[in-house]
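Worksheet for the structure shown next.
The values are calculated or read from the model by the stated rules, or taken from the named source; none is laboratory data. Predicted model only: the values in this text are computed from it and were never measured. Please note: Cβ atoms are built from the backbone with ideal geometry, for glycine as well, and neighbour counts cover all protein chains shown.
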Amino acid sequence: MEPASGRRASSMTSHRLPLVAGFLALLTPLQYLVPSVNGAEIRWGLFRFNLGARVSAEYTDNENLSESNPQPDFTLEAGPTLNGGLRLAPTVVWLERPVLEVSANYGIKYSLKNDTWDETFSSPINVTLSIPVNLYGWNMILADNFTFSNEPLETTFAVNREKVTDFSNNASVSVGRTSGRLGITFAATRSDKWTQDDPDLEDTTYNFSITPAYYFRDNYSLFWRNAYSISELADPTQRDSTGYSSELGLNGQLTPSLSGSISMGLSHTTLEGEVFPGDPNDPFGGVFDRRVGGKDNIDGISSTIALNYTHPLRPNTSFGLSFARSPGVTTLLKDADITESTSVTLSIAHRLSRTITLAPTISWTRLEEISSNPNAQKVDYIQITMGLTRQFTRKLNGGINYTYQTRDSNQFDQSYDVNKVTVSLNYSF
């Protein structure tokens, strides 16, 4: 039994500033606060940025993703883009040059249907530190990724929630060593997600893995990945979980024309007892959460396939195939503790000419709530995308993209069909 206030407090402490903020504060000297411009590149001390602009028009026949009341909309959006990075000289002899990459997109969007103006903003920040300690052949890699967006759920079809401002931070560390044909890697990752508008979407996940491998050649290996995970959800009505999996697979250049990864194994997930908030009117236990029910165990086969194929006689065409199955995933379906997920995606990239590329994609996903409830949620989701891009000049490119998606659910008013066409131009100064 845990105090409700304590549970929220521990959730908030995980929302500390990401490594990015501290990294910038330590590495940006005061004398670099005056920016300068050199051609198309903005220089601000150790930073190097490039500015651009984007304009797009989009039509959709079901902008509210509704089954019973679809509404068409036409929007125009324009705004600046920025991308760049920071590379610093190492301060320690065994520390490789730190790399920070920044990109931001800001847009003003006008909706013809609602006759309203809206703003969009997204900003992924990546910090990668490579630290070859050179201690008996062991290498270490530290990484951090922070992302902010005010439209994160646009393609999160399963959650059935409104679009909200979303923050996420992923910190990871991996340590590996290769000796002859044998190698081993230890890895740990912490993922935090939180929102301003919907605290129940917050969650923290920890992943730990150990992966021994045997290398047939430099870029082709047989691996055995063993992983353990912990998932802590902020929503008191949903259940935390722990799980482990073991998969055997092949990775690398499988044939001269085929590369990728194939793995299969077993997965086990344990759901904790269900948690309900205490009654604030109860003077003896109102401040405490109460946990009811026993633990549930979910077992099954997990598998992953990610392949890329290029025909040696047709190098302008490449094929990508991905398949994933997991018997126990949390936070995929709203109000579902655990979900079985299966997905398949086929993508093609074909260069019609030196400047024109055609890229069709088709994907299918099935999500099924693991529950004894006969009305448990079941969702089938199909998306077909056809994209055509053109490089007009060295600085100007554009494209047209058509998307059809359908969601078939056994829940009332949770199915929909939508068509979307987007035309865009991008310019780099």
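Residues that are surrounded by fewer than 16 Cβ atoms within 10 Å (Cβ to Cβ) and of a type in the set (S, T, N, Q) were ranked within region 179-200; the one that is farthest from residue 263 (Cα to Cα) is 196. Does region 201-218 contain at least one residue that is assigned to a loop (DSSP other than H, G, I, E, B) and either touching a Pro at 6+ places or on another chain (Cβ under 9 Å) or surrounded by fewer than 19 Cβ atoms within 10 Å (Cβ to Cβ) (or both)? For region 201-218, residues assigned to a loop (DSSP other than H, G, I, E, B) and either touching a Pro at 6+ places or on another chain (Cβ under 9 Å) or surrounded by fewer than 19 Cβ atoms within 10 Å (Cβ to Cβ) (or both): present.
Looking only at region 88-119, count every residue that is surrounded by 12 or more Cβ atoms within 10 Å (Cβ to Cβ) and at pLDDT 80 or above and tell me the total. The total comes to 12.
Taking the criterion of being modelled with pLDDT of 90 or more and in a strand (DSSP E or B), the residues of region 352-378 that qualify are 356, 357, 358, 359, 360, 361, 362, 363, 364, 365, 366. Filtering 348, 301 for residues that are closer than 24 Å to residue 226 by Cα, in contact (Cβ under 8 Å) with a residue 24 or more places away in the chain and either in a strand (DSSP E or B) or over 23 Å from the mean Cα position of the chain (by Cα) (or both) leaves a single hit, 301.
Collect the residues in region 251-260 that are surrounded by fewer than 17 Cβ atoms within 10 Å (Cβ to Cβ) and either modelled with pLDDT of 95 or more or not hydrophobic (A, V, I, L, M, F, W, C) (or both), keeping them in residue-number order. Answer for region 251-260, where residues must be surrounded by fewer than 17 Cβ atoms within 10 Å (Cβ to Cβ) and either modelled with pLDDT of 95 or more or not hydrophobic (A, V, I, L, M, F, W, C) (or both): 253, 255, 256, 257. Would you say residue 345 is touching a strand residue (DSSP E or B) at 6+ places or on another chain (Cβ under 7 Å) and within 23 Å of residue 417 (Cα to Cα)? When the stated conditions are applied, residue 345 passes them. Scanning region 369-400 for residues that are surrounded by 17 or more Cβ atoms within 10 Å (Cβ to Cβ) and under 21 Å from the mean Cα position of the chain (by Cα) yields 379, 381, 383. Selection of first residues in region 388-402 that are farther than 16 Å from residue 348 by Cα and part of a loop (DSSP other than H, G, I, E, B) and of second residues that are among the polar types (S, T, N, Q) and at pLDDT below 95, restricted to Cβ pairs under 7 Å at least 6 apart or on distinct chains, gives the following pairs, ordered by first then second residue: 395/428.
Of the residues examined, residue 352 is one that is loosely packed, with under 14 Cβ neighbours inside 10 Å and on the phi < 0 side of the Ramachandran plot. Suppose we filter region 196-230 for residues that are of a type in the set (S, T, N, Q) and touching an Asp or Glu at 6+ places or on another chain (Cβ under 6 Å); how many remain? Of the residues in region 196-230, 1 are of a type in the set (S, T, N, Q) and touching an Asp or Glu at 6+ places or on another chain (Cβ under 6 Å). The one condition from (1) exposed (fewer than 15 other Cβ atoms within 10 Å of the Cβ); (2) modelled with pLDDT of 60 or more; (3) among the polar types (S, T, N, Q) that residue 5 does not meet is (2).
Within region 415-429, the set of residues being crowded, with 17+ Cβ neighbours inside 10 Å and part of a loop (DSSP other than H, G, I, E, B) comprises 415 only.
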